[in-house]
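S.K.: Could you have a look at this structure, given as structure tokens, before my questions?
The values are calculated or read from the model by the stated rules, or taken from the named source; none is laboratory data. Quick caveat: nothing in here was measured; it's all calculated off a predicted structure. All Cβ positions, glycine included, derive from the backbone under ideal geometry; neighbour counts span all protein chains shown. We work out accessible area using only protein heavy atoms, side chains counted, and drop any ligands, DNA or RNA first. Shrake-Rupley method; radii C 1.70, N 1.55, O 1.52, S 1.80 Å.
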Amino acid sequence: PRLCVVGSGPAGFYTAQHILKHHGGARVDIYEKLPVPFGLVRFGVAPDHPEVKNVINSFTQTARSERCSYYGNVTVGRDVTVAELRQAYHAVVLSYGAEDNRVLGIPGENLDGVYSARAFVGWYNGLPENRDLKPDLSCDTALILGHGNVALDVARILLSPLHLLRKTDITDSSLAALACSKVKRVWLVGRRGPLQVAFTIKELREMINLAGTRPVLNPADFTGLENAVKDVPRPRRRLTELMMKTALEKPGEKTAEVQAAAPREWGLKFQRSPHEVLPTTDGRRARGVRMALTRLEGLGDSAKAIPTGEMEELECGLVLSSIGYRSLPLDPAVPFDTQRGVIPNSSGRVEGVPGLYCSGWVKRGPTGVIITTMNDSFDTAQSVLEDLQAGVLDMSTSREGFGAVESILHSRGVRPVSFSDWEKIDAAEVARGKAAGKPREKIVDPQEMLQLIGH
């Protein structure tokens, strides 16, 4: 069987990995729109979390397998259609992730100084489309809308001491911008309460222990939660207890001294929903956010935030919206649920289109960590293997695979990038990084990448 996977992030690689491991004869081609592979492992994981990027080693093993090929610099839906891929392969798996963000849908969100966290993360991680973001960091207070891990990542990068960031693979230009940053206070605002935050304890602990910063949590937000946390699952309980301890316990003398001397601070604000981004007098820039105060109806994860009618204003010159990523339809030939931002599917089998599958965020929505995506992708790969075994996929005709796609791409003037091409780009990045005392210096311009490999 000849199979192809669209997207070379964790979902794509884990899907390919599982199929190759459990089917001795399958060949898998991976298509990627950028010249460089690994998706959010490269462009989403925070630069100061290098251990999370270790999965790249196993993805590299997969890509080097003689039954696997990587074709970068190919945009499916534009350079080659899904219908054309389905002609060339026995099965096609869409694993292209979530390349957009949810919008707030409030007045003022297009003012200068308001950015999506997705674009901000892409900017400091070298995602080509965000390389010219130039966020204005000249204010002292930033407001992040959202209580997830991405919100904490962004807060941590804004407040991290430069000597810590200098040792990471953060891009040179964002490091220069952060060196001139005036931001010294970051508020993370959420519509619901402490029991509904979406970040995890590891990220929270890292934030609490961040050098040169002190946490500002309002004790009133946590009083009376002791009883409420008794019956919640253990991860949620430990997370809430850490927030409570930080808010309610008097720090020891040494800690108190260190915190008092800390030049920067961050805090969590709860039960506030953004109502409007307030403009400066010239109407061009953000100067604050008007919040609707909320009350919670229901319990636990299903609690809903209902506006109380009261409002509050928070001053800030930088607003980062971290309310979730969003998948986009890739090709008119593929069914898409615009409400949920996913491809309608059952165990990864795309509804009504035999031989078409999906995995990762475009399959289940933009939630979870790399391990969640791994399990999800194995589930889709299993569906493909079952369908091969049950004869659902028509194997009677041989498919040309990349041979057929190559001539289509050639006729459209598209030159794919191979995995060994990527390894040349990788080596160049590592060499540039070495000179600067970093693990790598990412190349952020696709044209420069292509020139480097003689395209």
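To keep it simple, each residue is scored yes or no on (1) hydroxyl-bearing (S, T, Y); (2) open to solvent by 70 Å² or more (accessible area, probe 1.4 Å).
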site	(1), (2)
D379	no, no
S383	yes, no
G401	no, no
S411	yes, yes
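S.K.: I need the full set of residues from the range 322-371 which are among the small types (G, A, S), under 13 Å from the mean Cα position of the chain (by Cα) and over 15 Å from E99 (Cα atoms), in order please. If you could, list the steps in order and put the result at the bottom.
M.R.: Here is the first cut: in the range 322-371, the residues among the small types (G, A, S) are 322, 324, 327, 333, 341, 346-348, 352, 355, 359-360, 365, 368.
Filter once more, so that each one left must be under 13 Å from the mean Cα position of the chain (by Cα): 322, 324, 327, 360, 365, 368.
Within the range 322-371, just G368 meets the criteria.
S.K.: Does A63 qualify as being hydrophobic (A, V, I, L, M, F, W, C), over 12 Å from I30 (Cβ atoms) and buried (at least 17 other Cβ atoms within 10 Å of the Cβ)?
M.R.: Details: hydrophobic (A, V, I, L, M, F, W, C): yes; over 12 Å from I30 (Cβ atoms): no; buried (at least 17 other Cβ atoms within 10 Å of the Cβ): yes.
No: the conditions fail for A63.
S.K.: Just name the residue that is nearest to F13 (Cα to Cα) out of those in the range 336-388 that are among the acidic types (D, E) and free of Cβ contacts under 8 Å to residues at least 60 places away in the same chain. Let's see the steps before the verdict.
M.R.: So the first thing to find is which residues in the range 336-388 are among the acidic types (D, E), and the list is 337, 351, 376, 379, 386-387.
Still in the running and free of Cβ contacts under 8 Å to residues at least 60 places away in the same chain: 337, 351, 379, 386.
Values: D337: 24, E351: 23, D379: 13, E386: 19 Å.
Here the residue is D379.
S.K.: OK, next. S383: more than 17 Å from Y96 (Cβ to Cβ), part of a helix (DSSP H, G or I) and among the small types (G, A, S), yes or no?
M.R.: Yes, satisfied.
S.K.: If you don't mind, there's one more thing I want to ask. Looking for whichever is on the phi > 0 side of the Ramachandran plot and buried (at least 19 other Cβ atoms within 10 Å of the Cβ) here; the options are G352, G348, G317. Which one fits? Give the steps one after another, and end with the answer.
M.R.: Values: G352 fails: buried (at least 19 other Cβ atoms within 10 Å of the Cβ); G317 fails: on the phi > 0 side of the Ramachandran plot.
The conditions single out G348.
S.K.: I would also like to ask the following. Among all residue pairs at least 6 apart or on different chains, which show Cβ distances below 9 Å where the first residue, located in the range 67-85, is surrounded by fewer than 23 Cβ atoms within 10 Å (Cβ to Cβ) and the second is assigned to a helix (DSSP H, G or I) and of a type in the set (S, T, N, Q)?
M.R.: Between residues of the range 67-85 that are surrounded by fewer than 23 Cβ atoms within 10 Å (Cβ to Cβ) and residues that are assigned to a helix (DSSP H, G or I) and of a type in the set (S, T, N, Q), the close pairs are C68/Q17; C68/T62.
S.K.: Follow-up. If you take the residues in the range 10-23 that are in contact (Cβ under 8 Å) with a residue 24 or more places away in the chain and out of contact with any Ser or Thr (no Cβ under 7 Å at 6 or more places or on another chain), which one is most open to solvent (accessible area, probe 1.4 Å)? Give the derivation first.
M.R.: Here is the first cut: in the range 10-23, the residues in contact (Cβ under 8 Å) with a residue 24 or more places away in the chain are 10-20, 22-23.
Now drop any that are not out of contact with any Ser or Thr (no Cβ under 7 Å at 6 or more places or on another chain), which leaves 19, 22-23.
Details: I19: 2, H22: 103, H23: 52 Å².
Only one residue tops the list, namely H22.
S.K.: Select from the range 295-325 the residues that are under 28 Å from T338 (Cα atoms), touching a residue at least 60 places away in the same chain (Cβ under 8 Å), outside any strand (DSSP E or B) and among the small types (G, A, S) and list them in ascending order.
M.R.: G300, A303, S322, G324
S.K.: With the checklist (1) under 22 Å from the mean Cα position of the chain (by Cα); (2) at pLDDT below 95 in hand, flag the one item V154 doesn't pass.
M.R.: It is condition (2) that V154 fails.
S.K.: I need a count of the residues in the range 1-50 that are within 24 Å of A119 (Cβ to Cβ) and aromatic (F, W, Y). Write out each step before concluding.
M.R.: First pass over the range 1-50, keeping only residues within 24 Å of A119 (Cβ to Cβ): 6-12, 32-50.
Of the ones still in play, those that are also aromatic (F, W, Y) are 38, 43.
Residues in the range 1-50 being within 24 Å of A119 (Cβ to Cβ) and aromatic (F, W, Y): 2 in total.
S.K.: I'm told Q447 meets every condition in (1) open to solvent by 60 Å² or more (accessible area, probe 1.4 Å); (2) in the same structural domain as G352 (by the TED database) except one. Can you identify the failing condition by its number?
M.R.: All conditions pass for Q447, except number (2).
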